[in-house]
Ligand code: AMP
Ligand code: MG
């Protein structure tokens, strides 16, 4: 079967097409919104997605014959309402025009399942780190279980807000990573873990105070070392508690080389495996929505046009994960 997936939850408008079985990526078109100033403005991002949708669709149609599509999937949430509605409208239109079933998928589950299919991890501990989320998860039976999460802001938000205040632009991640590589001087920052939960707001406050007093390279380095150590520590605790020896990272912050390097070191030290995949699939994209569309279609999900309103606050604990056997071959 062939599924087209539309991503529009935040900064990226993406159209991906995958075929299964076996898993194959047929097309991956992305248009990324970059705010002129500040963070993401929801209505501006939605306007960007609307303006780019036709062009992105044309590019996808030049690669894949849309008559071969069997399923139309879109990211139904969580995300920014105005942005979600652009992707949903295009998906409804495609579903009607192609006369193919519509499937609304969860953006977080899509990040996790693209990681699983690309790495063939059977039942790993998952660190999900993006602009709006920081969670440690595991699949238990037919549920996603959240073992730990942030008690305040997401790690991506910590990075983006710090970067904005330090004048580094949006998104902060790539720039912070680049500047961090030019320093190895650690400035002490709050290291806050409670059980398997983390907290980053104290670190952000401290970093904001230090802007202009310490070099920006040292601050980027210290942010990464401290925040990522916290994330790797709670992930390791989850692995030890469950006796799991596979680890994957999902979500945009996973594009960070230092975070993935720490993950590799932690796993090697405990005889476990960190399963990595190409950095471009950590970021938001349409391919992961298309794959989650296949997963949910196989689980029996179908959405009528009438019921297809978006869900900006959709929790992953309300979504069904695929059975492990999907990843066993
Ligand atoms: P997502 O919402 O999943 O697309 O993730 C977006 C988040 O990933 C933003 O907070 C970015 O700053 C962050 N990000 C992107 N690239 C990197 C990177 N190389 N290092 C750290 N964070 C990154
Ligand atoms: Mg994302």
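Every number here is computed from the coordinates shown, using simple stated rules; none is lab data. Given the structure is predicted, the values throughout are model-derived calculations rather than measurements. Methodologically, a virtual Cβ is constructed for each residue, glycine included, from the backbone with ideal geometry; neighbour enumeration extends over all protein chains shown.
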_region 169-301: C-alpha pair distances exceeding 23 Å, %_ = 44 percent
*asked:* Below 8 Å between Cα atoms, with a sequence gap of 6+, how large is the relative contact order for region 118-184 in percent?
replied: 21 percent
_Under the rule a/c < 1.5 gives rounded, and otherwise a/b versus b/c splits prolate from oblate, where does region 111-203 land using the Cα gyration tensor?_
prolate
*Can you give the convex hull volume per residue for the Cα atoms of the chain, as a whole number of Å³?*
122 Å³
*Roughly how many nanometres apart are two label points built 7 Å out from the Cα toward the Cβ at residue 58 and residue 309?*
3.5 nm
*Relative to the present Cα-Cα distance, how much length would full extension add between residue 317 and residue 240 at 0.36 nm per residue of separation?*
25.5 nm
*Stretchable slack from residue 265 to residue 68, in nm (0.36 nm times residue separation minus alpha-carbon distance)*: 66.6 nm
*Where the centroid of each part is defined by its Cα atoms, how far is region 312-326 from region 217-252 in Å?*
22 Å
*What share of the DSSP beta bridges in region 131-283 is antiparallel, in percent to the nearest 5?*
65 percent
*By the gyration tensor of its Cα atoms, with a ≥ b ≥ c the square roots of the eigenvalues, what is the shape of region 214-271: rounded for a/c under 1.5, prolate for a/b over b/c, or oblate?*
prolate
_Degrees between helix 286-298 axis and first principal axis of the chain (Cα, 0 to 90, nearest 10)_ = 60 degrees
_Please compute the length gained on full extension between residue 299 and residue 194, using 0.36 nm multiplied by the number of residues separating them and subtracting their Cα-Cα distance._
34.2 nm
_Please report the spacing between the Cα centers of region 1-68 and region 116-153 in Å, no decimals._
24 Å
*Measuring from label point to label point, each 7 Å out along Cα→Cβ, what is the residue 140 to residue 99 span in nm?*
4.7 nm
